[in-house]
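The values are calculated or read from the model by the stated rules, or taken from the named source; none is laboratory data. Just so it is clear, the model here is predicted, and its values are computed rather than measured. A quick note on method: Cβ atoms are made from the backbone with ideal geometry, for glycine too, and the neighbour counts reach across all protein chains shown. Note: areas computed on protein heavy atoms with side chains; ligands, DNA, RNA excluded. Shrake-Rupley method; radii C 1.70, N 1.55, O 1.52, S 1.80 Å.
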Amino acid sequence: MITMKFGGTSLGDTRRLADVVTIVKTHISTKPAIVASAMSGITDTLLETARLSVQRETEKVKNNFEAMKEKHFNVADTLIKDSARREELIDRQSAIFDELASLLRGVSLLKELSPRSLDAIASFGEILSCLQIAAILNDSGIPAEFIDTRKVIRTDARFGEAVVDFSVTDTRIREILLPLIDRSIVPVITGFIGSTETGLTTTLGRSGSDYTGSIVGAATGSAEIWIWTDVDGVMTADPRYVKGARVLSAISYREAAEMSYFGAKVIHPKTMLPAIEHDIPIRIKNTFNPTHPGTLISSSAPETKQIVKNVTSIDHLSLVAIEGNGMLGVPGVSARIFTTLARIKVNVMMISQASSEHNVCIVIPQKDSENAVDALQSEFKTDISAKNIDAVKLQTEVSIIAIVGERMKGTRGIAGKTFSALAQAGVNVVAIAQGSSELNISLVVEQEDAPKAVQAIHDAFQEL
Ligand code: ADP
Ligand code: ASP
Ligand code: MG
């Protein structure tokens, strides 16, 4: 069997949904299991509507709510020919919209929107989307069944970025999905969502449906996991921003994980983990161009002459610097930085330390800057008053640029070529990562220089 995940971009309107049906029909002999996201834009609208409800922006809430309803009901009206089936879907979706309205009223009354409520509200997108895909498939003569992963994927209670409990989840996936697949019924499984032991709704993080796809693919022992999206595969850079970006025919799991960690949005970074464990190839394919072979992600990407495979950037970051002439005498500076930031749950994305040990720089999400600086100032208060350490410095609006390729480690001159490309493009490098993994080089630039930096590096490695 094959597990196929369809992203929001493949489910955006009635034409795309009709294409999805054709794709499932074409591959029906593979006994597919379908994992699907919300229709494109719906998760953003749900989260925005939740915030507007707390602010009691009644008119805007109503507009968003009606627009979401209209978008889904239009799909039922346009794509479902059998009137009884169409009515049944609209009834189920109406009941779900009523439930959503109650939740939105609740957060508005309480004037409180916790991560827990946000997850409950965000989950509606996948539920509405998968209910309609199952109905459309049934209407097209493909037996299908809606599967709500809140009954399948068990997580902890870290709302917004919940951690999966595989011992419960894998067993349930096998118990619930395999009998359906045996009977040639296509399960249509909600991506992105799960639930805690006590039944609270959780989400696996934004873009988390890719991860659901590989969790399902691994637990069911699928031959391959296919991620259907709106580009021909993983490309050398984000095609929306970089001229000349090309599709890569094959990359390794490690390369894919590294690229996605550093911002290649085409696949969620956690997707590779279950696939690696069970050695299941992942294929990225284009719903808009289904005959294209796409990109194969597997344990052994074939040798290509291409050394640098990808250039990415992540924006909205801050650089926090701790420096001072007396730092050599201050014990355990790095350990204290990490412990302090871990305590306030700030994710350190990159670290760089000058060899003189007079300076440690860390890169963190910009939204956490203020908290991080406050916590570090208080941790190093005594060292700052003793003048061993200067005040903690903050630079906002920076980006990490990363270049990724498995064979970079054995190739000379990659760093040299990168830095001369940046110098020629007039980009100032703010910091360089230390001890970054052997398959990537990452550095920090001012955010306004990031597009220029990515393009310049991409152009420099064009011939590889
Ligand atoms: P989906 O809704 O299918 O999950 P996403 O929007 O999450 O789709 O991911 C697909 C998008 O990722 C593409 O449209 C593309 O703009 C963007 N992207 C960013 N980096 C890359 C890359 N290296 N290769 C391909 N696409 C990329
Ligand atoms: N719908 C969710 C999101 O927009 C999950 C996904 O699309 O993968 O983040
Ligand atoms: Mg995605």
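Counting only lysines at least 8 places from LYS417 when in the same chain, those with an alpha carbon closer than 26 Å to its own are LYS243, LYS265, LYS305, LYS309, LYS409, LYS452.
Using C-alpha pairs below 8 Å separated by at least 6 residues, the relative contact order for region 162-269 is 19 percent. Accessible surface of region 36-86, 1.4 Å probe: 45 percent of it comes from carbon and sulfur atoms. Measuring nothing but how far apart in sequence close Cα pairs (under 8 Å, 6+ apart) lie, relative to its length, region 326-407 scores a relative contact order of 29 percent. Counting only lysines at least 8 places from LYS151 when in the same chain, those with an alpha carbon closer than 26 Å to its own are LYS5, LYS31, LYS69, LYS270. Helix screen, the chain: DSSP H segments with Cα axial length of 24 Å or more and mean Kyte-Doolittle hydropathy at least -0.5 are 83-110. Overall, the accessible surface of region 169-234 at a probe of 1.4 angstrom is composed of carbon and sulfur to the extent of 46 percent.
Cross-link partners for LYS62 among the lysines, with Cα-Cα distance under 23 Å and sequence neighbours closer than 8 places in the same chain left out: LYS71, LYS111.
Peptides 182-195, 143-156 ordered by packing proxy, namely the average of other Cβ atoms within 10 Å per residue, highest first: 182-195, 143-156. Ranked by the mean number of other Cβ atoms within 10 Å of their residues, highest first, the peptides 213-219, 98-104 fall in the order 213-219, 98-104.
Annotation: per residue accessible area for the chain equals 44 Å², rounded to a whole number [probe 1.4 Å, protein chains only].
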